[in-house]
Every structure is written in C-alpha cells, then in structure tokens.
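The values are calculated or read from the model by the stated rules, or taken from the named source; none is laboratory data. It should be emphasised that the depicted structure is a prediction, and the values quoted were computed from it without experimental measurement. Backbone-built Cβ (ideal geometry, glycine too); neighbour counts: all protein chains shown.
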Amino acid sequence: MGYWNTKGKSDKWYTPKHVFEALDCTFDLDVAAPEGFETHVPADFFIFENSLTNRWNGFVWMNPPFGGRNGLVPWLKKFFDHGNGIALTPDRTSTPWFRDAWRKADAVLFTPKLRFIRPDGSEGKSPSNGTALFAAGERGTVALENASRAGLGILAIPKLSTCSHRNIRSTLSSEAPATSC
C-alpha cells in the first residue's frame with residue numbers, strides 16, 4: 001500500500017476557501033457535505049448522507065470521501081452520469097478510475113498540494129500528492145478556466161489532448177491523418 005493510500009485518523013477533510021474563490025462560481029448542490037460542520041462550499045443545498053442513492057440536481061460540487069483503493073469509482077460514475085459540476089479527487093493519474101474520469105471530463109485542473117481543513121477547523125499538513133478538479137459541463141469548464149487564470153493550477157482539456165495525440169501519432173507514422181475525434 002502506497003503512502004498516499006495508508007489509512008489516516010480520519011477521512012474527513014474539507015476543501016479550503018481559496019479553491020472556491022479561484023473557481024468564482026456558486027453551486028446548486030454540495031453532494032458530499034459533512035453533517036454538523038460549516039464548509040466554505042458556496043452552495044444553495046447540501047446532501048449530508050446517502051448521496052449515492054439521492055437525486056442530484058443542478059450544478060454540483062463533489063469532494064467525496066476518498067475511501068479505499070476504488071472508493072471513488074461509484075462517486076465518479078454518478079458524477080459523470082449527472083454531467084453538471086466539479087469533482088475533486090487525488091491526482092492519481094496511474095489508476096484506472098482516474099483514466100476513466102479523464103476520458104469523461106470536459107476539463108481537468110491539476111492543483112498543487114492543497115492543505116485541506118480538518119473537522120476542528122485547523123489546516124492540515126501538506127498531503128503526499130496534489131489534487132485534480134474534474135469538470136462536467138460548460139459551467140464546470142468555465143469555473144476551472146477561472147481557477148487556472150487565478151493561478152490555482154494547470155488546466156487540461158482531455159478531449160483536445162486525445163485529438164492532438166491522435167493527430168501527432170498519425171503525423172509521425174505512415175497513418176492517414178485523423179479527420180475528427
């Protein structure tokens with residue numbers, strides 16, 4: 001088990017305020033809100049429990065419990081099926097779930113290591129890896145563009161990257177150039 005995957009004292013870590021300031025948007029719904037703790041999520045409504053079985057509406061924020069090895073898989077499936085929001089995950093690019101999310105995302109913002117907020121309100125230590133914000137839909141993409149301009153991270157557009165990769169590969173080989181993605 002890697003260092004980033006070792007079980008800590010808690011999986012309750014909340015997104016710092018500067019992330020939402022950089023995104024410069026409001027959400028209709030926080031789908032993984034903690035009960036009894038006021039977060040910085042600028043949302044109108046909050047789901048405190050059973051989020052994966054509840055209906056999601058509007059533009060959503062998702063910072064789910066990271067859980068074990070594939071703990072994010074059901075959360076990401078529901079997020080991309082919903083198709084409108086921003087999801088925060090570790091940037092574990094070598095995992096199958098990350099690559100699957102990459103293919104489904106409209107945009108991804110890779111951030112430096114974020115110091116998340118503990119349940120007592122104090123700032124945590126630097127985590128072992130950075131985070132990624134996945135956008136689904138136009139509002140999410142615009143918010144990630146805002147955050148990139150504000151210096152929060154590096155913006156990538158997966159669908160463009162895939163197209164560019166195909167075109168580069170066909171240019172370097174004897175294949176005919178790709179005409180569409």
Hey, does segment 76-85 have a residue that's assigned to a loop (DSSP other than H, G, I, E, B), touching a Cys at 6+ places or on another chain (Cβ under 8 Å) and either under 18 Å from PRO34 (Cα atoms) or modelled with pLDDT of 95 or more (or both)? no
Hits in segment 101-115 (condition: charged (D, E, K, R) and surrounded by fewer than 16 Cβ atoms within 10 Å (Cβ to Cβ)): ARG103, LYS113, ARG115
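Say whether the condition of being assigned to a strand (DSSP E or B) and surrounded by fewer than 19 Cβ atoms within 10 Å (Cβ to Cβ) is met by at least one residue in segment 87-100. Explain how you work it out, then say what you get.
Of segment 87-100, the ones assigned to a strand (DSSP E or B) are 87-90.
Pick out the ones that are also surrounded by fewer than 19 Cβ atoms within 10 Å (Cβ to Cβ) and you get 90.
Within segment 87-100, one or more residues are assigned to a strand (DSSP E or B) and surrounded by fewer than 19 Cβ atoms within 10 Å (Cβ to Cβ).
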Quick check on LEU72: is it at pLDDT below 95, of a type outside the set (Gly, Ala, Ser), over 11 Å from the mean Cα position of the chain (by Cα) and surrounded by 15 or more Cβ atoms within 10 Å (Cβ to Cβ)? no
Residues of segment 43-68 that turn out to be assigned to a loop (DSSP other than H, G, I, E, B) and more than 16 Å from the chain's Cα centre (by Cα), as a count: 13
Are there any pairs, at least 6 apart or on different chains, whose C-beta atoms fall under 9 Å, with the first in segment 36-56 and over 14 Å from LYS17 (Cβ atoms) and the second small (Gly, Ala, Ser) and at pLDDT 95 or above, and if so, which? ASP44/GLY58; PHE45/GLY58; TRP56/GLY85
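Counting only residues that are part of a helix (DSSP H, G or I) and touching a residue at least 60 places away in the same chain (Cβ under 8 Å), which one in segment 13-35 is farthest from ASN57 (Cα to Cα)? I'd like the intermediate steps shown before the answer.
Initial filter on segment 13-35 (part of a helix (DSSP H, G or I)): 17-23.
Narrowing the set further to residues that are touching a residue at least 60 places away in the same chain (Cβ under 8 Å) leaves 18-19, 21-23.
On the way: HIS18: 25, VAL19: 22, GLU21: 23, ALA22: 23, LEU23: 20 Å.
Step by step, filter segment 13-35, then rank; the result is HIS18.
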Could you tell me which of the residues SER94, SER122 is at pLDDT below 70 and not acidic (Asp, Glu)? SER122
